[in-house]
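Here the structure is laid out as structure tokens; the discussion comes afterwards.
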Amino acid sequence: MSASPSTSVAATETTAASPVERIPSAEIDASLRWPVLALLAGSVMWLIVGTVLALLAAIKLHKGDFLADCPWLTVGRIRPASANAILYGFASQAALGVLFWLLCRLGNVRFMYQVAVLIAGKLWNIGVLVGVVAILVGASNGFEWMEMPRYAAAILFAAYVVLGLCAVATFQTRRVRQLYPTQWFLFAALFWFPWLYTAANYLLVIEPVRGVFQSVVAAWFAGGFLRLWLGLVALGIIYYLLPKMTGKPLYSGPLAAFAFWTILFFGSWAGVAGLQGAPVPRWVPSVGVAAMLCLLAALVSNALNWYFTSCYLDLFKKNSAARFIVFGAGCYLLAGLAELILAAPAIDRVTGLTLAGMGVKGLAIHGFIGSVLLGSIYYVLPRVLQGQWASEKLIRIHFGFHAAGVLLIFVGLLVGGVLQGMKLENPSTAFISIAKGTAPFVGLSTTGILLLLVGQVLLAINLFKLVRFFVQPAVRTFCAEYCGCGSVRAEVKP
Amino acid sequence: MRIRSGGGEAMNNGPLLFLGVLITLASSFWGLVLAPQIQFGRQQPRLIEATGEYYPSPRPGLAERGAEVYRSLGCVECHSQQVRQSGVHFDVWVTELTTNITAAVPAVARLQSHLNEADVAKALGKLPARVAMGLDAADADDLAKKLTAAGATAKPALVALGPDIARNWGPRLSVSQDYLRDYPVQLGQLRLGPDLASYGTRQTNENLILLHLYEPTRTMPGSMMPPYRFLFAKKPYKFLDGVPTGTIVTKVATGESEESAGEVVVPKEDALALVAYLTSLKAETSLTEAPTPKVPAPPAPPAAPGQTPPLAPVPPVP
């Protein structure tokens, strides 16, 4: 389980010893251009769709009459639709895009599967679209983050098989045999997701287990999906980008290995901690809480490793993409601590089934995973497109909106949830007044979602400009070379 | 430069890494999926001796369809279906006097030293009378035996505790037996609306539920619940007149405005199914692992064992 000394020294691929002549990074980036662009651009689109849906849902909590006559825009449908759009459309897709790039860069290989990934990526998008629409028309499965009906899940799975095989093949054909910690995280995530997804779909949709064990399986899936698919990829990205951005080697490989195995062993057990008080065997949530406590070890070792690798503040000032990464790392620590504190049985008795849980989930999804993926979109895209973001300032503004939005969502829902839970403890307080009492806090989170959306629109504008500068000349060259019409059309144009 | 072997360092070894990933997944799958399945997977609907019926019994057809509507509309996003209980204690009730009251009063007062004889006499004047509260099982049993020996037939009665119970969200905690016939099980994670695990026991007025679905703020001022008007159709008033009574077209008690416009609001079948489902939510059957608290009945007709308790009157609030 010990990492080699050179792994810890290797601040990414540049110093890894290899007898082979190295392929220049620019060449690797160029080989990844179209697949990564397609995946990341698609993910940004879904992020905006998901956030718009989340905003609609939040508004409807304040004003029930808003769009009330439309069955497919009812709160109970747009909330899961939003979560699925963000988790599958944005997070999973962006994770895959960045993952391909990281595997190629770290393995020093050219990407070989452009066409397969382009097609499978489109298929993934179709799957998400079918799934989100199905949820909106009422075909949801009714299990958290597994709401997409079986036909949409089948499309996603088919797309993933291709994407995952391409990723594993890229991993296997790496020219640098030495593995950097990022690769462990990505490699594990690549296998966890399909296994979790098929097992959960089989046990909940195809051959459903009986009674409350559906809820146990659903909690197992949701926890694993967050911690061992998206979470592992996001951690892998942090382990790559922090040393890369600071230019210093990773502080400790063995410490990273310890964190990795801790997360792998205990992460999948922690999801059921949310079932405290639910009508399931008592030991199930207890095991979950114990696992969550063990995850604290991973949290601390990650924090120490990152702290000794980079000075956060310097990095924060350095460039705009780094801000997202540093903020994401901070949110990872905060979300981990918050979830552990809320899982303490005495506290869960009060805050269970309140907004507080939503707040921590929001922090994990938008703060940790979302920030890290957005940061890596900002980092990766100009490299694979060999261009520049149109406006560095827009990125900084996006970061401001993003960070403020995440904190508003987290603080609003956490405080609102704690107050809600404390009032629920007192049976003489009328339920309706408790529900109404949450309105200001839901309002804070609504504002937070709005800020996130504004930031995402700025990203979309920046992305559009970047792609336009890149695509226009590419199209012109293509036309000039293959049709001979590019130059003609350019002349004809006034 | 094809594949060099993984070397001595474990973390550079792809297959070993794969094995690690496989083992961790298998362990959590075994622990959280298979183990509970082996432990409880064969749970079956149970014969309840008191009623001679199996619990949980299948929902009627319309309610079964309503469960689909409930799932499809995502009601679980705001409503939980799990009643929690923080604990139980026991009260002791005197149900019958085997001696005359003048002999019983001092006996009871002697056993319950904090009560004076006047209070005891007043309490025993109307049976059943609660003479002790908040005891644990052993103490309650002990006291009941002593009281019975002293001439006042007494029995301990279970009291479920906790805010959910006090809110009248259900008579007892929810247990896994309650969900055996549910698919999907909708335990829920958020209570922006009240818990619905036992909604059918506290709200039986179907018209009120329909009205609540149509316009929540009318039945519950200030409600945050969105209206589900799309589950209803507006029909000309004349049409309703033409419909013979007893069909599924139920008139919602809407306000004047709709009536005067010559239209009447009628629920679509989905709304009726949803209401049938909501009223079928009754997790109240007494089970060994979750006995339903029961206030002792007056002595005259002895209560049948296991009979569901008379429910306290509930304000007509969904």
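Miscellaneous remarks
- Here is the figure for the stretch A:76-85: residues that are in contact (Cβ under 8 Å) with a residue 40 or more places away in the chain and either at the interface with chain B (Cβ under 7 Å from one of its Cβ atoms) or under 21 Å from residue B:213 (Cβ atoms) (or both) total 3.
To keep it simple, each residue is scored yes or no on (1) more than 26 Å from residue A:240 (Cα to Cα); (2) assigned to a helix (DSSP H, G or I).
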residue: A:369; (1), (2): no, yes
residue: A:377; (1), (2): no, yes
residue: A:387; (1), (2): no, no
residue: A:395; (1), (2): no, yes
residue: A:399; (1), (2): no, yes
residue: A:412; (1), (2): yes, yes
residue: A:416; (1), (2): yes, yes
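- Annotation note: Cβ proximity below 6 Å between a residue of the stretch A:434-462 that is crowded, with 18+ Cβ neighbours inside 10 Å and a residue that is basic (Lys, Arg) (sequence gap 6+ or interchain) occurs for A:434/A:423.
- Counting only residues that are buried (at least 17 other Cβ atoms within 10 Å of the Cβ), free of Cβ contacts under 8 Å to residues at least 60 places away in the same chain and under 24 Å from residue B:169 (Cα atoms), the stretch B:34-73 holds 1 of them.
- Some residue of the stretch A:101-115 being more than 14 Å from chain B (Cβ to nearest Cβ), free of Cβ contacts under 8 Å to residues at least 60 places away in the same chain, in a helix (DSSP H, G or I) and more than 20 Å from residue A:47 (Cβ to Cβ): yes
- Looking across A:188, A:290, one residue alone is buried (at least 23 other Cβ atoms within 10 Å of the Cβ), hydrophobic (A, V, I, L, M, F, W, C) and within 12 Å of chain B (Cβ to nearest Cβ). It is A:188.
- Of all residues in the stretch A:165-179, those that are within 9 Å of chain B (Cβ to nearest Cβ) have Cβ atoms under 7 Å from Cβ atoms of residues that are outside any helix (DSSP H, G or I) and charged (D, E, K, R), 6 or more apart or on another chain, in A:177/B:4.
- The lone criterion from (1) in the same structural domain as residue B:183 (by TED's automatic domain parsing); (2) at pLDDT below 85 left unmet by residue B:106 is number (1).
- From the list B:187, B:161, B:115, B:135, the one residue that fits, being aliphatic (A, V, I, L, M), within 30 Å of residue A:211 (Cβ to Cβ) and modelled with pLDDT under 95, is B:161.
- Subset of the stretch A:116-139 [in a helix (DSSP H, G or I), aliphatic (A, V, I, L, M) and touching a residue at least 60 places away in the same chain (Cβ under 8 Å)]: A:117, A:118, A:128, A:132, A:136
- Look at the stretch A:52-69: where a residue is within 14 Å of residue A:452 (Cβ to Cβ) and a partner is at pLDDT below 95 and assigned to a helix (DSSP H, G or I), sitting 6+ places away or on another chain with Cβ atoms under 6 Å, you get A:57/A:75.
- Considering residues of the stretch A:47-75 that are within 7 Å of chain B (Cβ to nearest Cβ) and within 28 Å of the chain's Cα centre (by Cα) only, the residue modelled with the lowest pLDDT: A:61
- Selection status of residue B:69, part of a helix (DSSP H, G or I) and at the interface with another protein chain (Cβ under 9 Å from one of its Cβ atoms): yes
- Residue list for the stretch A:215-269, restricted to those being within 20 Å of the chain's Cα centre (by Cα) and basic (Lys, Arg): A:227
- Some residue of the stretch A:148-158 being more than 20 Å from the chain's Cα centre (by Cα), of a type in the set (A, V, I, L, M), over 28 Å from residue A:237 (Cβ atoms) and more than 9 Å from every other protein chain (Cβ to nearest Cβ): yes
- Of all residues making up the stretch B:267-318, the number that are modelled with pLDDT of 50 or more and part of a loop (DSSP other than H, G, I, E, B): 21
- Among residues of the stretch A:337-357 being within 12 Å of chain B (Cβ to nearest Cβ) and part of a loop (DSSP other than H, G, I, E, B), the one that is modelled with the lowest pLDDT is A:352.
- Within the stretch B:142-199, restricting attention to residues that are aromatic (Phe, Trp, Tyr) and more than 8 Å from every other protein chain (Cβ to nearest Cβ), the residue that is nearest to residue B:127 (Cα to Cα) is B:169.
- The residue that is farthest from the other protein chains (Cβ to nearest Cβ), counting only those in the stretch A:255-268 that are touching a residue at least 40 places away in the same chain (Cβ under 8 Å) and more than 17 Å from residue A:332 (Cβ to Cβ), is A:261.
The values are calculated or read from the model by the stated rules, or taken from the named source; none is laboratory data. Since this is a predicted model, take the numbers as computed values, not measurements. Cβ atoms come from the backbone with ideal geometry, glycine included; neighbour counts cover every protein chain shown.
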